[in-house]
Amino acid sequence: MGKVLMKGNEAIAEAAIRAGCLNYFAYPITPQSEVAEYLSRRMPEVGGVFLQGESEVAVSYMIFGAAAAGARVFTTSSSPGISLMSEGISYIIGAQCPAVFVNIMRGGPGLGGILPSQADYNQATKGIGHGDGRLLVLAPASVQEAVEMVMTAFPLAEKYRNPVMVLGDGLIGQMMEPVEFPDHLKTEPSNKDDWATTGMDNRKSNKRNLVRSLYLDPVQLNENNLILKRKYEQMKKEEVRFEAYHTDSRYKLLIVSYGTMSRVCKTAIDMLAEEGIEVGLIRPLTVFPFPEEAVFEAAAREGCKAVLSVEMSMGQMIEDIERSVRGACPVHWYGKCGGEVPTPEEVIEAVKQLI
Amino acid sequence: MAKLFSKPEALADQPTHYCPGCTHGVIHRLVAEVIDELGIRGRTVGIAPVGCAVLAYNYFTFDFQEAAHGRAPAMATGIKRVRPDLIVFTYQGDGDLASIGMGEIVHAANRGEKFTTIFVNNAIYGMTGGQMAPTTMPGQRTTTSPFGRDTEESGMPVRIAELLASLATPGYISRQTVIKPKYIKKAKQAIKRAFTYQMEGKCFSLVEVVSTCPTNWGLTPVEAVKWAEENMLPYYRLGDFKTPENN
Ligand SMILES: Cc1ncc(C[n+]2csc(CCOP(=O)(O)OP(=O)(O)O)c2C)c(N)n1
Ligand code: SF4
């Protein structure tokens with residue numbers, strides 16, 4: 001299959017099917033409703049499950065029930081919907097089940113707006129639900145990358161028995177771009193016999209399985225949290241992904257930016273280079289785990305005088321950048337958070353104010 | 001010598017944490033007996049609520065999931081949609097099902113999800129220490145209605161069986177009780193019927209069980225039975241409110 005022109009949301013939907021995920025539960029919300037619309041037609045064709053739940057709260061538990069019963073399962077939503085799902089996500093993390101959540105972010109807080117935003121950065125990387133849980137968070141910058149990330153999200157969720165989030169801004173869902181779908185995922189869903197509630201008769205051992213997040217014994221609860229912590233440490237070792245752009249130049253300033261925003265930054269960097277102003281870029285592909293070492297090394301490079309975080313949020317990524325830069329140089333912010341995507345000219349202006 | 005009485009295979013050989021005179025234990029036993037009689041233990045998944053029955057999985061010997069407060073019907077939906085071959089039931093209290101989880105149960109019933117719900121109505125929040133539930137009787141004192149439930153403020157108790165029976169989607173909706181031995185046989189029949197409809201892939205099924213909570217009612221087990229009979233049964237009438245045949 002060659003390249004096809006597709007809207008991001010539809011490509012995300014198709015990517016899940018190609019990842020062998022034939023189970024989808026969701027509740028409509030702009031700007032990602034096309035995923036549900038597409039799958040309401042497509043799932044019956046492939047013998048899959050499509051269900052529109054009564055709320056995002058309910059959907060998150062449909063995902064939990066299905067995942068705990070051993071199925072590959074996913075949902076898509078946008079910011080206010082993810083807030084409601086975060087209750088269920090916390091239980092899924094505590095019970096150690098794999099599932100994929102796609103957040104096509106819009107502006108907030110509250111009802112906010114329906115235009116693109118990156119304002120759920122902290123929610124996704126630090127504050128999803130209550131308790132000590134975390135998500136592995138992938139941040140695509142193109143429709144092609146959204147497809148690839150959705151397809152890798154399922155095996156990652158199964159590797160860690162932890163939910164994985166694909167965090168895209170509204171533009172990723174709404175724009176049309178040519179995409180090429182990779183072959184159907186070869187990996188079989190992992191063996192779930194020792195934990196999933198697949199029915200005792202359907203397993204070799206006749207031990208019953210129990211999926212729960214309640215540990216009334218403090219020692220056991222601490223133990224469960226240590227298991228989770230070890231998983232997050234392993235993610236930090238094995239799953240960090242990033243792209244370095246224009247970092248072989250003698251840049252004076254380093255931009256850190258992800259998603260759609262990073263593409264604008266690349267254009268700005270190219271335009272600046274023509275003027276003889278060199279700027280480097282580190283683009284996190286995983287925002288948790290954050291590419292700390294890459295950001296540190298790029299910021300500590302000789303000649304680099306400052307770091308600029310460019311995001312469609314009021315500077316939520318800055319804490320992660322500052323933690324990574326470890327004082328090597330000052331960290332600044334530029335962004336907009338109302339639904340407008342800053343233009344290359346605006347990014348250039350922000351850069352010039354710093355150098 | 002013939003064995004006249006034995007523990008169902010689906011029931012674990014474990015003392016429970018329920019208070020003396022609590023009906024949760026009786027209801028567990030009926031569910032276990034039905035599962036044994038239908039021979040479905042190896043393909044059953046139970047879903048525990050948040051409430052006194054949160055540890056129900058300790059008392060059964062088959063697969064179990066533990067839900068968040070009120071969300072068991074959404075979890076059951078998730079399981080049943082991806083694994084229609086499994087037999088799935090939720091076991092929920094009245095705070096869990098009729099308050100925080102009202103949305104989930106109504107929509108699951110209305111979609112006609114093919115699972116079974118055992119709904120334990122004891123007119124109070126047991127686990128958290130006896131607060132008012134949507135099912136609390138008018139005038140009933142609880143820790144959050146110390147002067148008795150004021151229906152001007154809190155409305156009348158919610159009758160779940162009647163409410164769900166009013167949905168146009170076919171289903172099996174029954175209300176039973178286990179407060180006295182004379183009611184138990186019928187309660188078990190209803191539970192068996194509910195699971196049978198599920199096995200036939202027919203419809204959503206729910207059995208509401210009028211129950212006691214002597215501890216939080218502040219009564220002895222014997223007084224609690226009397227109180228339930230005098231106060232609850234006239235309001236929460238027993239019987240089948242809907243069957244798929246007479247929808
Ligand atoms: C989201 C959430 N809110 C509140 C609670 C606290 N809580 C635990 S059990 C319960 C009430 C349970 O009462 P009921 O469902 O009637 O069951 P019973 O204990 O009487 O069997 C409440 C409010 C919780 N665990 N989670
Ligand atoms: S508090 Fe009430 S419902 Fe809970 S175990 Fe005791 S008697 Fe039963």
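The values are calculated or read from the model by the stated rules, or taken from the named source; none is laboratory data. The structure displayed is predicted, hence computed values, not measured ones. Glycine also receives a Cβ, built like all others from the backbone with ideal geometry; neighbour counts cover every protein chain displayed.
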Could you list, in sequence order, the residues of segment A:211-226 that are over 29 Å from the mean Cα position of the chain (by Cα) and outside any loop (DSSP other than H, G, I, E, B)?
A:218, A:219, A:220
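Output the residues belonging to segment B:198-214 that are farther than 10 Å from residue B:23 by Cβ and buried (at least 20 other Cβ atoms within 10 Å of the Cβ).
Let us first name the residues in segment B:198-214 that are farther than 10 Å from residue B:23 by Cβ, namely B:198-208.
Within segment B:198-214, B:198, B:203, B:204, B:205, B:206, B:207, B:208 meet the criteria.
Take segment B:98-121 and flag every residue that is more than 23 Å from residue B:225 (Cβ to Cβ) and within 16 Å of ligand 2 (Cβ to nearest atom). Please lay out each step first, then the result.
Quick first cut of segment B:98-121, residues more than 23 Å from residue B:225 (Cβ to Cβ) only: B:99-117.
Hit for segment B:98-121 is B:99, nothing else.
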With segment A:286-355 as the region, which helices (runs of 4 or more DSSP H) entirely inside it contain at least 2 residues that are among the small types (Gly, Ala, Ser) and farther than 23 Å from residue A:110 by Cα?
A:292-300
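Quick check on segment B:43-62. Is at least one of its residues part of a helix (DSSP H, G or I), away from ligand 2 (no atom under 16 Å from the Cβ) and either away from every other protein chain (no Cβ under 12 Å) or modelled with pLDDT of 95 or more (or both)? Even if it seems obvious, please write down each step before you answer.
Taking segment B:43-62 and keeping what is part of a helix (DSSP H, G or I), we get B:43, B:52-59.
If we keep only those that are away from ligand 2 (no atom under 16 Å from the Cβ) as well, we get B:43.
Add one more test, that the residue is either away from every other protein chain (no Cβ under 12 Å) or modelled with pLDDT of 95 or more (or both), and what stays is B:43.
Scanning segment B:43-62, I find at least one residue that is part of a helix (DSSP H, G or I), away from ligand 2 (no atom under 16 Å from the Cβ) and either away from every other protein chain (no Cβ under 12 Å) or modelled with pLDDT of 95 or more (or both), so the answer is yes.
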Which residue pairs have Cβ atoms closer than 6 Å, lie 6 or more positions apart in sequence or on different chains, and pair a first residue in segment B:10-25 that is under 25 Å from residue A:207 (Cα atoms) and in contact (Cβ under 8 Å) with a residue 24 or more places away in the chain with a second residue that is assigned to a loop (DSSP other than H, G, I, E, B) and more than 16 Å from ligand 1 (Cβ to nearest atom)?
B:10/B:61; B:12/B:61
How many residues are within 13 Å of ligand 2 (Cβ to nearest atom) and not in a loop (DSSP other than H, G, I, E, B) if we restrict to segment B:9-29?
5
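Listed here are the residues, each with its yes/no results for (1) touching a Cys at 6+ places or on another chain (Cβ under 6 Å); (2) more than 16 Å from ligand 2 (Cβ to nearest atom); (3) within 23 Å of residue B:158 (Cβ to Cβ); (4) more than 14 Å from chain A (Cβ to nearest Cβ).
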position: B:179; (1), (2), (3), (4): no, no, yes, yes
position: B:191; (1), (2), (3), (4): no, yes, yes, yes
position: B:195; (1), (2), (3), (4): no, yes, no, yes
position: B:199; (1), (2), (3), (4): no, yes, no, no
position: B:213; (1), (2), (3), (4): no, no, yes, yes
position: B:224; (1), (2), (3), (4): no, no, yes, yes
Does any residue of segment B:101-118 turn out to be at the interface with chain A (Cβ under 8 Å from one of its Cβ atoms) and buried (at least 24 other Cβ atoms within 10 Å of the Cβ)?
yes
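Mind listing whichever residues of segment A:236-266 are assigned to a loop (DSSP other than H, G, I, E, B) and either modelled with pLDDT under 95 or not acidic (Asp, Glu) (or both)?
Residues of segment A:236-266 that are assigned to a loop (DSSP other than H, G, I, E, B), as a first pass: A:239-241, A:246-252, A:257-258.
Across segment A:236-266, the qualifying residues are A:240, A:241, A:246, A:247, A:249, A:250, A:251, A:252, A:257, A:258.
Just wondering, is there one or more residues in segment A:302-316 that are surrounded by fewer than 20 Cβ atoms within 10 Å (Cβ to Cβ), closer than 30 Å to residue A:174 by Cα and not hydroxyl-bearing (Ser, Thr, Tyr)? I'd like the intermediate steps shown before the answer.
Our first condition is that a residue be surrounded by fewer than 20 Cβ atoms within 10 Å (Cβ to Cβ); within segment A:302-316, this holds for A:302-303, A:305-306, A:314-315.
With closer than 30 Å to residue A:174 by Cα added as a condition, the list becomes A:314-315.
Imposing the further condition that a residue be not hydroxyl-bearing (Ser, Thr, Tyr) reduces the set to A:314-315.
For segment A:302-316, residues surrounded by fewer than 20 Cβ atoms within 10 Å (Cβ to Cβ), closer than 30 Å to residue A:174 by Cα and not hydroxyl-bearing (Ser, Thr, Tyr): present.
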Across segment A:182-206, which residue is nearest to residue A:131 (Cα to Cα) among those that are in contact with an Asp or Glu (Cβ under 8 Å, 6 or more places away or on another chain) and within 13 Å of chain B (Cβ to nearest Cβ)?
A:197
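Can you tell me which of A:83, A:79 is without any contact (Cβ under 8 Å) to a residue 60 or more places away in the chain, buried (at least 24 other Cβ atoms within 10 Å of the Cβ) and polar (S, T, N, Q)? Outline the logic, then answer.
Details: A:83 fails: buried (at least 24 other Cβ atoms within 10 Å of the Cβ).
Of the residues listed, the single one that is without any contact (Cβ under 8 Å) to a residue 60 or more places away in the chain, buried (at least 24 other Cβ atoms within 10 Å of the Cβ) and polar (S, T, N, Q) is A:79.
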Condition met for residue B:159 (away from ligand 2 (no atom under 14 Å from the Cβ), more than 30 Å from residue B:43 (Cβ to Cβ) and under 15 Å from the mean Cα position of the chain (by Cα)):
yes
Within segment A:121-160, the residues that are part of a loop (DSSP other than H, G, I, E, B), basic (Lys, Arg) and surrounded by fewer than 20 Cβ atoms within 10 Å (Cβ to Cβ) are A:126
Can you spot a residue in segment A:318-328 that is touching a residue at least 12 places away in the same chain (Cβ under 8 Å), surrounded by fewer than 17 Cβ atoms within 10 Å (Cβ to Cβ) and not charged (D, E, K, R)?
no
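Quick one: which of B:35, B:87 is more than 10 Å from chain A (Cβ to nearest Cβ), under 18 Å from residue A:202 (Cβ atoms) and not hydroxyl-bearing (Ser, Thr, Tyr)?
B:35
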Hey, among the residues in segment A:51-90 that are assigned to a strand (DSSP E or B) and either more than 8 Å from chain B (Cβ to nearest Cβ) or in contact with an Asp or Glu (Cβ under 9 Å, 6 or more places away or on another chain) (or both), which one's nearest to residue A:20 (Cα to Cα)?
A:74
